[in-house]
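Visitor: One structure, as structure tokens, below. Some questions next.
Just so you know, all these numbers are worked out from the coordinates, no wet-lab data involved. Computed from a prediction, not measured in an experiment: that's the story for all the values here. All Cβ positions, glycine included, derive from the backbone under ideal geometry; neighbour counts span all protein chains shown.
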Amino acid sequence: LCSFLGLLYQEYRDKSTREEIETRRLQDSQTDPEETSPSEETPSEAEPTSTIENKAPPQINLLRNSNSRFNLWQDLPEVQNSGVLSILQPDEIKLQEAMFELVTSEASYYKSLNLLVSHFMENERLKKILHQSEAHILFSNVLDVMAVSERFLLDLEQRVEENIVISDVCDIVYQHTVNHFSVYITYVSNQTYQERAYKQLLQDKPAFREVISQLELDPKCKGLSFSSFLILPFQRITRLKLLVQNILKKVEEKSDRESTALDAHKELETVVKACNEGVRKMSRTEQMISIQKKLEFKIKSVPIISHSRWLLKQGELQQMNGPKTSRTLRTKKLFREIYLFLFNDLLVICRQIPGDKYQVFDSAPRGLLRVEELEDQGQSLANVFILRLLENADDREASYMLKASSQSEMKRWMISLAPNRRTKFVSFTSRLVDCPQIQCVHPYVAQQPDELSLELADVLNILDKTDDGWIFGERLHDQERGWFPSSMGEEILNPKIRAQNLKECFRVHKSDDSQRRKLGSRNRQ
């Protein structure tokens, strides 16, 4: 497969997600019920974008020159000459494409990993510049990751060679995820150290900077940066889960292949969660130590550092002074600045004092917080909400009237402070028939803890939105929630496509649901 596959994984992935976006746009623009039948699927990485016709096996010419092409299963000469395309049902052809795509994308990924090792890691000039410990932090266990990818790819290729009609690939995914994919957790958990070491080396060692720049200019790299190679394993393990989801959407319900796909998906989800947790743990611990050093307690001291605590949101708000009767006075003296640190289980209310320090004057467990929006009472009270502490540091109930700098900032604080408060639109987990949806057309990197990083082609339910351009969304494939700028996405307007996205989502996560039900009944007993 590597021989006919000219694309590096970064190119493969970018091209495929853009095709996915274009196909969804095409589906979304259809208004004829017959043209947008609910059986229509989101395209896979290698699936055509030029048609959503369901009647005949789709054909498309994708970048035919040998240096940059990836093939469709139905384009393979063996498949074309066998006559199976005239026998198989269109749905089975789509399933074959989804399985073949998982294989070809692994071949592309292995090719990129190989380049990271042979072109960068084993470069003699680079070896002389880097101390052994620096090289270890920078490249981590990439050799283990590459060995795992090679073994995985060999098994996948063997399966493809057994029969031109692929029987299954998810059983192989399952076996490798359970037995070998823990190497990804090690690699990804090292990401924070890796990024820091890379920045430090660029800054401190001009020779390193020079060699990396020269290596990046080599035509082999196709204009891609060294850092885009370093991040490959994390991108791949996440993408692999989505590729299995894509297969799962196309297999027959209640079939053996569905059962295998569900098992593979569940194991991959465990690995992806462990990867995410590994990255978060490292940065969270450092952040908590940093915050603890800045706090001075005016009240009884609360220990801040705990292995199960992390920061959700921090920032400045204006607190209204005086009794409620003075609300009508339109003077800025009504407000004074306060600073909030909100953790997953605790709120700390402070005033900023000289020397980048914060004096804590109140606190409360997060579970004992309530918020309510103030009805619009003119400009001076715009973006004002009431925060109630049912039990504060003095074991009493306390209320704070707080003003945010914008509508989005107010909503973001309210949702973070009281997460169970109802949002404008209900979450998909409530099994709502329809809910606004958006697909990501520009990647976004979260800037704050309450924001959500987005990848191209992510589909999200819109739970809330603000007039100043922010959306609170829930991503369908992993139920992660957070805020992001509305300019990052395009709303999906066709209700049939929204319904199809939800239906697929329920199907992918039905094993999780049955697991939850079992746990629920066990807890009740």
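Visitor: Using a Förster distance of 22 angstrom, determine the FRET efficiency expected from the C-beta separation of Arg280 and Leu143, and round it to 0.05.
Guide: For Arg280 and Leu143, the calculated efficiency is 0.30.
Visitor: What is the extension gain from Arg336 to Leu217, computed as 0.36 nm multiplied by their sequence separation minus the C-alpha to C-alpha distance, in nm to one decimal?
Guide: That works out to 37.4 nm of additional length.
Visitor: Once phi is turned into θ = phi - 60°, what whole-Hz ³J(HN,Hα) does the Karplus curve with 6.51, -1.76 and 1.60 give for every residue of the range 245-262, x standing for Gly and Pro?
Guide: Once rounded to whole Hz, the list reads 4, 5, 5, 4, 5, 9, 6, 5, 5, 6, 8, 4, 5, 5, 4, 5, 5, 4.
Visitor: Also, I was wondering about something else. Place a point 7 Å from Cα of Asn344 in the direction of its Cβ. Which residues in the range 290-304 have their backbone N less than 19 Å from it?
Guide: Residues passing the 19 Å test: 290-292, 303-304.
Visitor: May I pose another question? For the range 187-261 and the range 336-378, write down the distance between their C-alpha centroids in whole Å.
Guide: 39
Visitor: Which of the peptides 313-320, 206-213 is most tightly packed, and how do the rest follow, going by the mean number of other Cβ atoms within 10 Å of each residue?
Guide: Ranked by mean Cβ neighbours within 10 Å, highest first: 313-320, 206-213.
Visitor: Using a Förster radius of 35 Å, what is the FRET efficiency between Gln30 and Glu480 based on their Cβ-Cβ separation? Nearest 0.05, please.
Guide: Plugging the Cβ-Cβ distance into 1/(1 + (r/R0)^6) gives 0.75.
Visitor: For the residue pair Thr186 and Lys254, what label-to-label distance in nm results when each label sits 7 Å from Cα along the Cα-to-beta-carbon direction?
Guide: The two pseudo-label positions are separated by 4.4 nm.
Visitor: Taking 18 Å as the cut-off for C-alpha to C-alpha distance, list the pairs among Lys111/Lys205; Lys111/Lys241; Lys111/Lys266; Lys411/Lys465; Lys293/Lys403 that go past it.
Guide: From Lys111/Lys205; Lys111/Lys241; Lys111/Lys266; Lys411/Lys465; Lys293/Lys403, over 18 Å: Lys111/Lys205; Lys111/Lys241; Lys111/Lys266; Lys293/Lys403.
Visitor: Ok, one more. Could you derive backbone 3J(HN,Hα) for the range 128-144 from the dihedral phi with the Karplus parameters 6.51, -1.76 and 1.60 (θ = phi - 60°), listing whole Hz in sequence and x where the residue is Gly or Pro?
Guide: 5, 6, 8, 6, 4, 5, 5, 4, 5, 5, 5, 9, 6, 9, 4, 5, 5
Visitor: Oh, and also: Sorted by packing (mean other beta-carbon atoms within 10 Å per residue), highest first, where do 230-236, 80-86 land?
Guide: 230-236, 80-86
Visitor: A follow-up question, please. Quick check on packing: order 440-446, 336-342 by the mean number of other C-beta atoms within 10 Å, highest mean leading.
Guide: Ranked from most to least packed, the peptides come out as 336-342, 440-446.
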